[in-house]
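First comes the structure, then the notes that go with it.
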């Protein structure tokens, strides 16, 4: 992702942050983290409470090492998520948005995609940006894939409003994922479709 | 000491303000993290759609709607006493629902009958559109069905299975009522999803059953705290394995049944997760919680990170219902769910801790 789209993503993250700062429940309970994957994956911002979050600078470069991104995602889940035990209450199941406008350039990604599907450590929404995104690869990671054909700044603005609404909505009690439950997302904005 | 109250317990309510209290967001101050600013907004939709009122009356006759006696009840509670037992329940809309203008989705109910009582708390699933109706129907129908099954029995019943069967019939009746209501209103079963925790006393025994989350605790005469029931622990917060009236939930309810001798039980606490989560783990914190209700909030009481604005004793207050409603306004970061707490005490048994 380069040029205007990456600038729109940066702007969208700033907008998401502003929006969550206006929600008292988000201030008290939501945490944000940003990971990128190009030649290698990086956690640009560790899981940080909304009030302390600083929207990062993002730079697009190199290839699409999707596998390393998924590997790092699994690693972050293990390192930063708190699970419920008999002694402590855990986090809410995280909500992860994976944005990609291309196809994986590595060969390992199916291994990590399978691990994510099997372990279900998060509610993952994959976003296929533009018509070059590999929808089938994203489908290997999660059954929730949305297509955003329009990559204009306005389209990203609407998308990040959808992200914000999704974050606010996920603090509702739901059926356990293993029991066929899972989250109910707000309706996506016009121009964004759910891939069947 | 026997102190009887009529069978028609009167709910006590706090009304919503007439208008929203809209507080403008403050501009962020550099180097200081923003603070959450909560508002209170009345719900914009009726508690029960008018066209469903007749269906509600049909499946849960006598159910007292939170908007039945005037402005919609922000919180509600009731108390009752008989044959040496005192029951107190209160249910309060959480800050998150108040901020978003949503209804309270919790419900609580206590009922007396000859030689016994029945109590229930429920928490409607936030992801279910009409879970507030589900929780209200479930608690109302379950307690009334248990009372119906037990009220003609003898106090010294020689049949230990009677209480268990009555609780099972209460659970079955609640499940049936929810399904009937869904059919009549054209709703999906998942629209009414709710947890349910029921307790009843009869013949010197106390029985409990539960589906979904929430917690119960028995404070024993020897100072110990036991947890007769608890929902299954899920990996992440906010996820519940089973709700009424889903398929399989009634089996979970029936399988959870526990019946035990009540003679050493000084108090029994039933709580929805809005109370359980801030006091988690409940086995460790139910004692300090009860001590707060009994003696008031003081520094010697471990509060588990909870800040209480109501510091006076609740159980000996002139108006315990209002006192409990006020106590339920305690604060803990990130814990803003609806809260329902039922406290049942055996007057002749003291809790020494």
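Would you be able to say whether some residue in region A:133-146 is under 24 Å from residue A:23 (Cβ atoms) and either surrounded by 18 or more Cβ atoms within 10 Å (Cβ to Cβ) or modelled with pLDDT of 90 or more (or both)? The answer is yes; a qualifying residue exists. Among the residues here, residue B:120 qualifies as under 13 Å from the mean Cα position of the chain (by Cα) and either at pLDDT 95 or above or within 22 Å of residue B:250 (Cα to Cα) (or both). Specify the residue that is nearest to residue A:8 (Cα to Cα); the eligible residues are those in region A:118-153 that are part of a helix (DSSP H, G or I) and touching a helix residue (DSSP H, G or I) at 6+ places or on another chain (Cβ under 7 Å). If we take residues in region A:118-153 being part of a helix (DSSP H, G or I) and touching a helix residue (DSSP H, G or I) at 6+ places or on another chain (Cβ under 7 Å), then A:153 is nearest to residue A:8 (Cα to Cα). Could you list all residues from region B:307-333 that are within 26 Å of residue A:169 (Cα to Cα) and buried (at least 19 other Cβ atoms within 10 Å of the Cβ)? Within region B:307-333, B:328, B:330 qualify.
Scanning region A:101-122 for residues that are in contact (Cβ under 8 Å) with a residue 40 or more places away in the chain, away from chain B (no Cβ under 14 Å) and closer than 25 Å to residue A:159 by Cα yields A:101, A:102, A:104, A:113, A:116. The requirement of being more than 14 Å from chain A (Cβ to nearest Cβ), assigned to a helix (DSSP H, G or I) and buried (at least 23 other Cβ atoms within 10 Å of the Cβ) is not satisfied by residue B:344. Across region B:167-201, the number of residues qualifying as within 14 Å of another protein chain (Cβ to nearest Cβ) and either surrounded by fewer than 24 Cβ atoms within 10 Å (Cβ to Cβ) or in contact with a strand residue (DSSP E or B) (Cβ under 6 Å, 6 or more places away or on another chain) (or both) comes to 7. Look at region A:85-97: where a residue is within 7 Å of chain B (Cβ to nearest Cβ) and a partner is outside any loop (DSSP other than H, G, I, E, B) and at pLDDT 90 or above, sitting 6+ places away or on another chain with Cβ atoms under 6 Å, you get A:89/B:277; A:93/A:123.
Taking the residues in region A:12-70 that are assigned to a helix (DSSP H, G or I), farther than 21 Å from residue A:166 by Cα and in contact with a strand residue (DSSP E or B) (Cβ under 7 Å, 6 or more places away or on another chain) as candidates, determine which candidate is nearest to the other protein chains (Cβ to nearest Cβ). Selected residue: A:69. Hey, among the residues in region B:230-253 that are surrounded by fewer than 19 Cβ atoms within 10 Å (Cβ to Cβ) and assigned to a loop (DSSP other than H, G, I, E, B), which one's modelled with the lowest pLDDT? The selected residue is B:232. Of the listed requirements (1) closer than 30 Å to residue B:333 by Cα; (2) more than 14 Å from every other protein chain (Cβ to nearest Cβ); (3) under 14 Å from the mean Cα position of the chain (by Cα), residue A:79 misses just one: (3). For region A:71-112, filtering for residues that are in a loop (DSSP other than H, G, I, E, B) and over 21 Å from residue A:127 (Cβ atoms) leaves 13.
Residue by residue, here is whether (1) part of a helix (DSSP H, G or I); (2) in contact (Cβ under 8 Å) with a residue 24 or more places away in the chain holds:
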position: B:275; (1), (2): yes, yes
position: B:288; (1), (2): yes, no
position: B:309; (1), (2): no, no
position: B:323; (1), (2): yes, no
position: B:329; (1), (2): no, yes
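Conditions tested, residue by residue: (1) without any contact (Cβ under 8 Å) to a residue 12 or more places away in the chain; (2) in contact with a helix residue (DSSP H, G or I) (Cβ under 6 Å, 6 or more places away or on another chain); (3) over 20 Å from residue B:256 (Cα atoms).
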| position | (1), (2), (3) |
| --- | --- |
| B:110 | no, no, yes |
| B:139 | no, no, no |
| B:142 | no, yes, no |
| B:163 | no, no, no |
| B:170 | no, yes, no |
| B:174 | no, yes, no |
| B:185 | no, yes, yes |
| B:189 | no, yes, yes |
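Kindly indicate whether residue B:236 is within 14 Å of chain A (Cβ to nearest Cβ) and free of Cβ contacts under 8 Å to residues at least 12 places away in the same chain. Spelling it out, residue B:236 is indeed within 14 Å of chain A (Cβ to nearest Cβ) and free of Cβ contacts under 8 Å to residues at least 12 places away in the same chain. Checking the structure you have, find out if any residue of region B:297-319 is within 19 Å of the chain's Cα centre (by Cα), more than 14 Å from chain A (Cβ to nearest Cβ) and over 26 Å from residue B:204 (Cβ atoms). Scanning region B:297-319 turns up at least one residue that is within 19 Å of the chain's Cα centre (by Cα), more than 14 Å from chain A (Cβ to nearest Cβ) and over 26 Å from residue B:204 (Cβ atoms).
The values are calculated or read from the model by the stated rules, or taken from the named source; none is laboratory data. In this text the structure is predicted, and so the values were computed from the model without any measurement. Here Cβ is always computed from backbone atoms with ideal geometry, including for glycine, and neighbour counts include all displayed protein chains.
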